[in-house]
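The block underneath contains the structure these notes are about, expressed in structure tokens.
The values are calculated or read from the model by the stated rules, or taken from the named source; none is laboratory data. Model, not experiment: these values are computed from the prediction. Cβ sites come from the backbone with ideal geometry, for glycine too, and all protein chains shown count toward neighbours. Keep in mind that these areas ignore ligands, DNA and RNA; they rest on the heavy atoms of the full protein, side chains included. Shrake-Rupley method; radii C 1.70, N 1.55, O 1.52, S 1.80 Å.
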Amino acid sequence: MSVLDDISEARKSGKTQLAQLIDPDQIQDFDHLADIAQRAEDSGVNHLFFGGSLVTQKMEFDIVQALKKITSIPVTLFPSSPSQIDESADALLFLSLLSGRNPEYLIGHHVTAAPLLKNSSLEVIPTGYILVGCGEPTTAEYVSHSFPIPYKKDEIAASTALAGQLLGMKMIYLDGGSGAEKPISESMIATVRAWIDTPLVVGGGIRTPEDAKRAANAGADLIVVGNHAEKYPNFLAELKAQMG
Ligand code: 1GP
């Protein structure tokens with residue numbers, strides 16, 4: 001089953017799925033990666049997202065290829081530039097940064113990436129990516145030269161998400177950015193949920209099982225956790241257990 005179908009099917013049956021974001025810069029070596037993958041399997045993580053806004057270190061092995069060997073959890077690329085396209089993954093979020101007005105992240109990188117994707121076996125998922133200001137500016141915001149949607153402006157977020165859906169995007173990703181000070185508000189998630197029909201991904205600043213439950217109850221179909229899972233290896237198991 002494709003990654004998008006898997007998320008859509010879960011949505012239809014009223015389930016909220018869990019994705020772990022693996023930042024290439026946080027991987028120390030193969031054993032560390034294997035440990036992350038094993039814990040993700042044990043915790044019942046549904047999807048692995050792979051990517052980072054700023055990749056500063058070069059690993060001596062292909063992390064995605066290694067992941068495909070050691071886990072059966074689907075691996076979806078969450079790239080910030082075409083250089084992060086990796087054929088070994090299952091899918092790629094073809095992200096348009098809808099909350100910003102930087103043409104490079106709305107269409108520029110996409111043109112550069114298109115020839116690389118033309119003959120690729122990667123499942124390409126057109127995704128409307130919406131950054132929300134959740135405290136201090138995040139790396140994603142700084143690197144993309146884009147201004148996030150203000151925290152309390154639920155209807156701007158919903159209008160942006162609906163515009164993405166009307167443009168043909170198959171999924172909407174509401175993101176506070178990696179390491180966000182606080183998660184996106186329930187009211188914003190619920191408003192966006194009410195305005196769109198596509199699967200809704202929510203991430204950024206999720207640090208407690210309650211944060212995840214609030215996002216799920218407000219209408220998130222897939223919750224993404226990065227930093228907190230890296231810092232506290234048992235966090236995802238705890239979160240999954242509490243989410244049911
Ligand atoms: C960032 O939504 C992801 O794009 C995950 O954020 O690292 O804050 O969990 P955190």
Gyration tensor verdict on the chain (Cα atoms; rounded if a/c is under 1.5, prolate if a/b is larger than b/c, oblate otherwise): rounded
Rounded accessible area per residue of the chain, 1.4 Å, Å²: 46
Accessible-area composition of the chain, carbon plus sulfur, in percent [1.4 Å probe]: 52
Helix-derived mean residue ellipticity, 222 nm - over the chain, DSSP H n ≥ 4, -39500 (n - 2.57), to 500: -11000 deg cm²/dmol
Neighbour net charge for GLU41 - beta-carbon separation under 14 angstrom, K R +1, D E -1: +2
